[in-house]
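Following: one structure in structure tokens, then a few remarks.
Every number in this text was worked out from the coordinates using simple rules, so none of it is lab data. Since the structure is predicted, the reported quantities are computational estimates derived from the model, not experimental observations.
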Amino acid sequence: METFLTVHDLSKALQVTPVWIYKLVRQKRIPFIHIERCIRFSPSEIEAWIEERKNKEWSLDGGKRGRG
């Protein structure tokens, strides 16, 4: 069985604030698990979530930068 991460663990690993993690959870933008009243994260699901975001092209102009 995989060991789950807490909000604190994940925020330290990603070098972000716990508030930002809670915001993503509220918006259901990050994979999480509720165990009773606790929020936990599967390391393998978080790694897949990060990889998915690394492969996206982010830009402020809707991806039109560099074209034309």
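Values computed for the structure shown
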| item | result |
| --- | --- |
| Gained length - A48 relative to T3, 0.36 nm times residue gap less alpha-carbon distance | 14.6 nm |
| The range 7-54: mean projected area of Cα convex hull, nm² | 3.2 |
